[in-house]
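First the structure, in the form of structure tokens, and then the observations on it.
The values are calculated or read from the model by the stated rules, or taken from the named source; none is laboratory data. Being a predicted model, the structure only gives us computed values, none of them experimental. Heads up, the Cβs are rebuilt from the backbone with ideal geometry, glycines too, and the neighbour counts pull from every protein chain shown.
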Amino acid sequence: MAGGQAISSDTRIVELLELLANNQMGAQAEQVKQMCEYVETLEQKLSFMTEEIKSVRQELVSMKEDTIARHVKDSLQKTADVLQKQCDSLKQQIKKVKENICGRAGKIVDAAKRKGQRALYKVTQVTGMKRKLAAIKDKVDRAIDRVESLEKAVEECRGQQGKDQQAETPIPCLAVAEPQVEYGAELFEQYQREHGAEQMTEAAGRTVTQEVEKSR
């Protein structure tokens, strides 16, 4: 399958749908179509997720460290990196399932050309792949939730930065003592290894909230 090609455009899927339609197997054809739409929807979600993470990274780069604690910024950047790796992993999982679906579809088409309609009943080998896609969908939805949490944390930082700029109040006047680093680089990496991306995103959000509260 060519990179980036929609699964519904793959010749093996197109041929399978044609054979199903020609053999009065409309219900099975509809199941194959729905599964293809399912795959394409997941791909669209991951594409959107990639763009959102890219936007967050650009936002973080534009933030000045005189109005956001360095360790907070580092935490948010590390969280964005982890989420991007997770997104890339999910893309690979979907790609593997797509190749499997199209490969099975091709084998069924070849068998149907040799043996006739009875070979088409093996289409369940294709439609049965939706269970694997449903498991991936759960992971995608959770990852998108974490990206949204990260975006909210960054927006909170941006909002505080705007308030500081409007007040034209230097950071030293807002804090009596140096903020304690809750998640420094080493601690953050350890937290990531022990708890994973979901808890890490929440931790980054809590760190942002705490730092904003300190500076108010």
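Listed by first and then second residue, the pairs linking a residue in the stretch 134-156 that is closer than 10 Å to V56 by Cβ and touching a residue at least 24 places away in the same chain (Cβ under 8 Å) to a residue that is among the charged types (D, E, K, R) and in a helix (DSSP H, G or I), with Cβ atoms under 6 Å apart and 6 or more places separating them unless they lie on different chains, are V147/E52; V154/E59.
Counting the residues of the stretch 62-87 that are of a type in the set (V, I, T) and either in contact with a strand residue (DSSP E or B) (Cβ under 6 Å, 6 or more places away or on another chain) or at pLDDT below 85 (or both) gives 3.
Sub-7 Å Cβ pairs linking a first residue in the stretch 97-124 that is without any contact (Cβ under 8 Å) to a residue 12 or more places away in the chain and more than 23 Å from Y38 (Cβ to Cβ) to a second residue that is of a type in the set (S, T, Y) and surrounded by 13 or more Cβ atoms within 10 Å (Cβ to Cβ), at least 6 apart or interchain, number zero.
The C-beta contact set for the stretch 50-61 (first residue under 12 Å from E155 (Cα atoms), second residue of a type in the set (A, V, I, L, M) and modelled with pLDDT under 90, distance under 6 angstrom, 6+ apart or interchain) comprises V56/V154; E59/V154; L60/L76. Where helices (runs of 4 or more DSSP H) sit wholly within the stretch 99-216, those with at least 2 residues that are modelled with pLDDT of 50 or more occupy 124-127, 130-167, 185-215.
For the stretch 9-27, residues that are surrounded by 20 or more Cβ atoms within 10 Å (Cβ to Cβ) and not aliphatic (A, V, I, L, M) total 2.
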